[in-house]
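Only the coordinates and a few stated rules stand behind these numbers; no lab work does. Given the structure is predicted, the values throughout are model-derived calculations rather than measurements. Glycine gets a Cβ as well: all are built from the backbone with ideal geometry, and neighbour counts include every protein chain shown.
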Amino acid sequence: MEWLKKLFATILGLFGLSTILSANKSKEVKELKKIIKESKTKTKKVAKEIEKLQDDKQANKKDITNLKRNLTRTKNEIKKMEKAFEEDEVESAEEFLRKFAKK
């Protein structure tokens, strides 16, 4: 009967260990979270800049549309980064880190 208790404790220990190991995020994914936060603050600043330019009657419409397009593109990339972070995809995280390290 004692061996059955030990076997049961070992099995529960293995499940607990695998849960703990899977809960740890990789280094790349943690860095991706920092980049997501930085990108969100930058998009807020760009959105405010667009609003200021739209209020200004002297502003160039072409510049405003380019800023809007860049803002939309950045928001879509942030969504992709958040998805990679939630799913703990190391390859996707590395790809985004390379892309944003260039900028």
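Assorted remarks:
- Additional length obtainable on full extension of the chain from residue 9 to residue 46, 0.36 nm per residue less Cα span: 7.8 nm
- Neighbour-limited loop hits for GluC sites (Glu not before Pro), segment 57-92 (at most 16 other Cβ within 10 Å; DSSP other than H, G, I, E, B): 87
- Segment residue 56..residue 95, full-extension length gain: 10.2 nm, with 0.36 nm per residue of separation and the alpha-carbon distance subtracted.
- Segment 27-102, dipole about Cα centre (Lys/Arg Cβ +1, Asp/Glu Cβ -1), debye to the nearest 20: 480 debye
- Unit charges at the beta carbon, dipole of segment 27-102: most positive-side option, 36, 81, 47: 47
- Gain on full extension, evaluated as 0.36 nm per residue between residue 69 and residue 86 minus their Cα-Cα distance, stands at 3.5 nm.
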